[in-house]
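The values are calculated or read from the model by the stated rules, or taken from the named source; none is laboratory data. These numbers were taken from a predicted model, which means no experiment stands behind them. So basically every Cβ, Gly included, is an ideal-geometry build from the backbone, and we count neighbours across all protein chains shown.
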């Protein structure tokens, strides 16, 4: 039997957790000058949301973000996706920091690493395969052999 408990009329609405996600990509030429900069909203996919909740358990079972990947695919981000459309290269995170309810992750690609026409990126919990936690699709960034690329991913959780 299920019991229903009515809330008093003067009870404020229950707060819900809301996420906002942003990604910034900066491409620099061999001289260090910025060639292209892209800022986009992105998607924390279902596996990423599950990982956030999993961290609240005494014995979490899902891996945390450790790597970023770049790719050349064009499929729009969707909640159920588990990988990039066409992965080109994957690197360990350069840094990962939390300030309040904001998680900032940085990934770097050196000259000669991950060259190509990059259109997608994702955050993963392994150096290969693993779970994708977040994905973004953006206009083409043409990374030449002498260029470097830095991706800064920001997840913000807030009560609504």
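Some values worked out for this structure:
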| read-out | value |
| --- | --- |
| Filter result for residue 127 (modelled with pLDDT under 95 and in contact with a strand residue (DSSP E or B) (Cβ under 9 Å, 6 or more places away or on another chain)) | no |
| Residue match in region 19-37 (condition: closer than 12 Å to residue 134 by Cα, at pLDDT 95 or above and not in a strand (DSSP E or B)) | no |
| From the options 148, 140, 115, 156, residue that is at pLDDT 95 or above, under 16 Å from residue 41 (Cα atoms) and surrounded by 13 or more Cβ atoms within 10 Å (Cβ to Cβ) | 140 |
